[in-house]
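Student: Structure below; questions to follow.
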Amino acid sequence: MQVQSSRNERVGLQSLALLLFGLVLAGCAPDLNPFVSRGAYADGIAAGWQKLGFRTDRFDLAGYARIGNPADPSLAVFIEGDGVSYITRTEISPDPTPEHPVALQMAVKHPASNVLYLARPCQYTGGYKGRGCEPAYWTSARFAPEAVGAMDMAINQFMAARGLRSVILYGYSGGGTMAALLAARRQDVAGFVTVAGVLDHRAWTSHFGDSPLRYSLNPADSMAALRAIPQRHFVGQRDTIVPPTLTQAYARRAGLNDGAVSVVPRADHTCCWADLWPDLARQPLAVPPGS
């Protein structure tokens, strides 16, 4: 599907172009690749891990991996959040690469032997200059079928190359949405976990009066498939970006067993998931209803 940018997306790009043009006239043009330092920061977090690139049908994806036990057929996959989607409420970022990759910080503290971290489409690959990238893919189409398909293909490539057979998906923020969408389509998922994740983005945008993510798939449309998978959803009691009430409402509608949602008192949307993760990672997944 070729996505057409919304009016806000077009306005955001026009504002960016005017800003760059003004800086050139003033003799202080910025580095055209201003997020190199974000890549270096991620490299530092994942020091000692294998740095990876995946070529999929639509996008090039970036990632890191640690294979601590090649004989173990299981894999933990961590999926990054939305990153820097907007500079202001209405001005779209030219590059969604996160300033603080929370999912990566969690991944390096995860106790499993085999761990793969995946950035989202257009993160760490050049933003709007990346192959297949346009601003809709970090705004209204952030969960478009082709974005989900690219993440799915990257996981398949990695698992096939190493003979891995089962996966548990972990997603932070919008990465939680992506983890749920991947869990609904794959046959090898032993469980999935979201952290400050959005499980029903229609309810989420409606709650805040925001424009719907009109080109995006919604996990809430796959409740029946997801209900049958072991899962756990961590939400911060202080989170005003993804309020706990939205996750709890999804769990009630989906008929999940008690304990599927854990409200974490010390956490908001970003703080302090990486610090808390060694303890949270030990919590068991909730079994599917009727099990």
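Read-outs: derived from the displayed coordinates by stated rules, not from any lab. What you are looking at is a predicted structure, and each value in this text was computed from that prediction instead of being measured. Because the Cβ atoms are built from the backbone with ideal geometry, glycine has one as well, and the counts that use them run over all protein chains shown.
Student: Any residue in the stretch 250-265 that is closer than 11 Å to Arg227 by Cα sitting within a Cβ distance under 9 Å of a residue that is of a type in the set (Lys, Arg)? List the pairs, counting only those 6 or more apart or interchain.
Tutor: Ala254/Arg227; Gly255/Arg227; Leu256/Arg227; Ala260/Arg232
Student: Still on this structure: Scan the stretch 207-218 and give yes if some residue there is among the acidic types (Asp, Glu), surrounded by fewer than 16 Cβ atoms within 10 Å (Cβ to Cβ) and in a loop (DSSP other than H, G, I, E, B), otherwise no.
Tutor: yes
Student: Moving on. Test Arg58 against the criterion of being farther than 17 Å from Tyr128 by Cα and either of a type in the set (Phe, Trp, Tyr) or assigned to a loop (DSSP other than H, G, I, E, B) (or both), and give yes or no.
Tutor: No, not satisfied.
Student: Let me ask something else. What's the total number of residues in the stretch 80-92 that are assigned to a strand (DSSP E or B) and among the hydrophobic types (A, V, I, L, M, F, W, C)?
Tutor: 1
Student: Additional query: What number of residues within the stretch 105-125 satisfy the criterion of being among the charged types (D, E, K, R) and buried (at least 24 other Cβ atoms within 10 Å of the Cβ)?
Tutor: 1
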